[in-house]
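Enquirer: I have a structure I would like to understand better, so I am pasting it below and will then ask my questions one at a time.
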Amino acid sequence: MSHSDVKVLSSWRSLFGVRVLIALKAKGVEYEFIDEPDLGNKSKLLLESNPVHKKIPVLIHKGKPICESLIIVQYIDETWPSQHDKGSFLPQDPYERALVRFWADYVDKKVYEGCILILKNIEGELMEQGRSVVRESMVALDGALRDVFSPGPYFGGDQINLVDIALASYLCLIETMETLGNFKVLDESTCPHLCAWVKAVVQYPGVKEGLATAPSQKLLESICSMRKTIFGLTE
Amino acid sequence: MASEQVKVVTFWASPYGLRAEFALTAKGVPYQRLLEVDHWHNKSKILVESNPIPVLLHNGKPLPESLLIIEYVDEVWPSPDGKHLLPPDPYDRAMARFWFDFAEKKLNKALKSILFKKGDVQNAAVEEALRCISTLEGVLEKASSSKDAPFFGGDHIGMVDCVLGPFSLWFPAYEIIGDFKFELQEKYPHMHTWYQALRTSSVAACIPDSDKLLEFILGLRKVLCRE
């Protein structure tokens, strides 16, 4: 299958886009990256591919667009076989699949909620709320690794699953959250399993390459710049 | 599979609980309803917002969250005559997932605002809800829906129908609370056909009495407006 059959419309800054890249790389699927550099001035391709939400990332496979990062990741999982003797991003058993979907959805709601509060605010009540939500979600996810997805090290056991992909994308943002929020996102004493997970997942084939597309320091600089120009925040 | 092994913990008026019941009924799975007591009235807004139903109990294993339950039901039980809740083709599945995600995150969010809010915020929610209906009308139109294939699942109930259907039962109440009309028959004929088809399909048996439901929702609105 030629890689031009598979296109990813996204921006290097998009963590949701990173999820799609991780999934494609983990499956060994070649793709063409189409940059959407200015979300204030959206391209015709984006507006046509995602007329409902007008958001990135969009996967375009043989001309057909698929939107929403976790929907895209599931599509990738169902369309391409896995590599390196690894299984799919979702287990076979329906109950276990439901648990994986539950926790992937939790990442999308809770971790996202905390992140956005930190990114869009200066020090104050909302920032404190953001820190609190992030800390709580890390503890909850640590508990899930320990109780629901043991023995690990990944949420998928000895391979990554949908939860790993959903959460791994946020690793690019840790430096930003810790700098802006002036706190430690992952505490070894409260989240030992998650800390071990981080060490393992950043080396996982596909994850390593996907995370490398959104370098931490570069993302921090970009977000600080956006905070001034878009949100009008002064540090 | 014996029916006593499948139970749904729900509340008679809950549209989330009804999603689970629609899914089970569409798949022809016998189940037992375990009804929660009505503790919504005279209680606080927080309780209303955090009501943790439905829960599916299958062979004793609990599964919360209506959307998870629908997919689970589709994966566990065979589909009569190949009538899956989610289509087998990966692209079609991705599309179905997109639309139930849209129904949940966009339309449902707007409908909740109509219920919970007042004034300008409520008016904006009404406009957003109608925009969503218009979008969904477009989806049905593009799929060439007809009286023989009126559902988002085509000629049978699919996941999008299970997600959206129960909330459509609240439309008459939203019209009163938000002081507007959906005008499905006049403006959104495919959605109108869909709305009618649900009420004569297999899932109609799950649908609560419309007068009782209206009374309940208007009572709920009073509770929410007190705070």
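Enquirer: Which of the helices (runs of 4 or more DSSP H) contained wholly in segment A:28-141 include at least 2 residues that are modelled with pLDDT under 95 and farther than 30 Å from residue A:193 by Cα?
Expert: Filter on segment A:28-141 gives A:44-49.
Enquirer: Of all helices (runs of 4 or more DSSP H) completely enclosed by segment B:115-194, which ones contain at least 3 residues that are of a type in the set (S, T, N, Q) and under 23 Å from residue B:66 (Cα atoms)? Break it down stepwise before answering.
Expert: Working: elements: B:119-142, B:159-168, B:171-178, B:184-187.
So the answer is none; nothing clears 3.
Enquirer: Moving on. Looking only at residues in segment A:143-191 that are open to solvent by 20 Å² or more (accessible area, probe 1.4 Å) and of a type in the set (D, E, K, R), which one is nearest to the chain's Cα centre (by Cα)?
Expert: The residue in question is A:175.
Enquirer: Something else now. Tally the residues that are within 19 Å of residue B:20 (Cα to Cα) and open to solvent by 30 Å² or more (accessible area, probe 1.4 Å), restricting the search to segment B:76-92.
Expert: Residues flagged as within 19 Å of residue B:20 (Cα to Cα) and open to solvent by 30 Å² or more (accessible area, probe 1.4 Å) within segment B:76-92 amount to 6.
Residue by residue, here is whether (1) closer than 16 Å to residue A:213 by Cβ; (2) open to solvent by less than 70 Å² (accessible area, probe 1.4 Å) holds:
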residue: A:23; (1), (2): yes, yes
residue: A:32; (1), (2): yes, yes
residue: A:35; (1), (2): yes, no
residue: A:40; (1), (2): no, no
residue: A:45; (1), (2): no, yes
residue: A:48; (1), (2): no, no
residue: A:52; (1), (2): no, yes
residue: A:56; (1), (2): yes, yes
residue: A:61; (1), (2): no, yes
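Enquirer: A follow-up question, please. Specify the residue that is farthest from residue A:222 (Cα to Cα); the eligible residues are those in segment A:38-56 that are away from every other protein chain (no Cβ under 13 Å) and touching a strand residue (DSSP E or B) at 6+ places or on another chain (Cβ under 7 Å). Quick ask: steps written out before the conclusion?
Expert: Of the residues in segment A:38-56, the ones away from every other protein chain (no Cβ under 13 Å) are A:38-48, A:56.
Applying the additional criterion that residues be touching a strand residue (DSSP E or B) at 6+ places or on another chain (Cβ under 7 Å) yields A:45-46, A:56.
Working: A:45: 24, A:46: 22, A:56: 17 Å.
Within segment A:38-56, the match that is farthest from residue A:222 (Cα to Cα) is A:45.
Enquirer: Of the conditions (1) modelled with pLDDT under 95; (2) open to solvent by less than 10 Å² (accessible area, probe 1.4 Å), residue B:18 satisfies every one except a single condition; which number is it?
Expert: (1)
Enquirer: Name, by its number, the condition in (1) facing chain A (nearest Cβ under 7 Å); (2) open to solvent by less than 20 Å² (accessible area, probe 1.4 Å) that does not hold for residue B:101.
Expert: Single failed check for residue B:101: (2).
Enquirer: So which residues in segment B:80-98 are more than 10 Å from chain A (Cβ to nearest Cβ) and more than 18 Å from residue A:80 (Cα to Cα)? Break it down into steps so the answer makes sense when it comes.
Expert: Step one: of segment B:80-98, the residues more than 10 Å from chain A (Cβ to nearest Cβ) are B:80-87, B:92.
Residues satisfying the conditions are B:80, B:81, B:82, B:83, B:84, B:85, B:86.
Enquirer: Can you tell me which residue in segment A:1-21 is modelled with the highest pLDDT, limited to those that are closer than 19 Å to residue A:167 by Cβ and open to solvent by 50 Å² or more (accessible area, probe 1.4 Å)?
Expert: A:16
Enquirer: If the Cβ limit is 6 Å and pairs must be 6+ apart or interchain, which residue in segment B:50-71 that is more than 8 Å from chain A (Cβ to nearest Cβ) pairs with which residue that is open to solvent by less than 20 Å² (accessible area, probe 1.4 Å) and basic (Lys, Arg)?
Expert: So the pair list comes out as B:66/B:19.
Enquirer: Filtering segment A:65-94 down to residues that are under 23 Å from residue B:134 (Cβ atoms) and within 9 Å of chain B (Cβ to nearest Cβ), which residue is surrounded by the most Cβ atoms within 10 Å (Cβ to Cβ)?
Expert: Among those residues, the one meeting the criterion is A:66.
Enquirer: A follow-up question, please. Does segment B:131-151 contain at least one residue that is touching a helix residue (DSSP H, G or I) at 6+ places or on another chain (Cβ under 7 Å), over 27 Å from residue B:24 (Cα atoms) and within 14 Å of chain A (Cβ to nearest Cβ)?
Expert: The answer is no; no qualifying residue exists.
Enquirer: Moving on to the next point. Among residues belonging to segment B:116-130 that are of a type in the set (A, V, I, L, M, F, W, C) and surrounded by fewer than 20 Cβ atoms within 10 Å (Cβ to Cβ), point out the one that is nearest to the other protein chains (Cβ to nearest Cβ). Explain how you work it out, then say what you get.
Expert: Of segment B:116-130, the ones of a type in the set (A, V, I, L, M, F, W, C) are B:116, B:121, B:124-126, B:129-130.
Still in the list and also surrounded by fewer than 20 Cβ atoms within 10 Å (Cβ to Cβ): B:116, B:121, B:124, B:130.
Numbers: B:116: 19, B:121: 20, B:124: 18, B:130: 15 Å.
Within segment B:116-130, the match that is nearest to the other protein chains (Cβ to nearest Cβ) is B:130.
Enquirer: Which residue is farthest from residue A:19 (Cα to Cα), if the candidates are limited to segment A:189-226 and must be without any contact (Cβ under 8 Å) to a residue 40 or more places away in the chain and in a loop (DSSP other than H, G, I, E, B)?
Expert: Restricting to residues being without any contact (Cβ under 8 Å) to a residue 40 or more places away in the chain and in a loop (DSSP other than H, G, I, E, B), the top hit is A:189.
The values are calculated or read from the model by the stated rules, or taken from the named source; none is laboratory data. Predicted model only: the values in this text are computed from it and were never measured. Because the Cβ atoms are built from the backbone with ideal geometry, glycine has one as well, and the counts that use them run over all protein chains shown. SASA here: full protein model, heavy atoms, side chains in, ligands and nucleic acids out. Shrake-Rupley method; radii C 1.70, N 1.55, O 1.52, S 1.80 Å.
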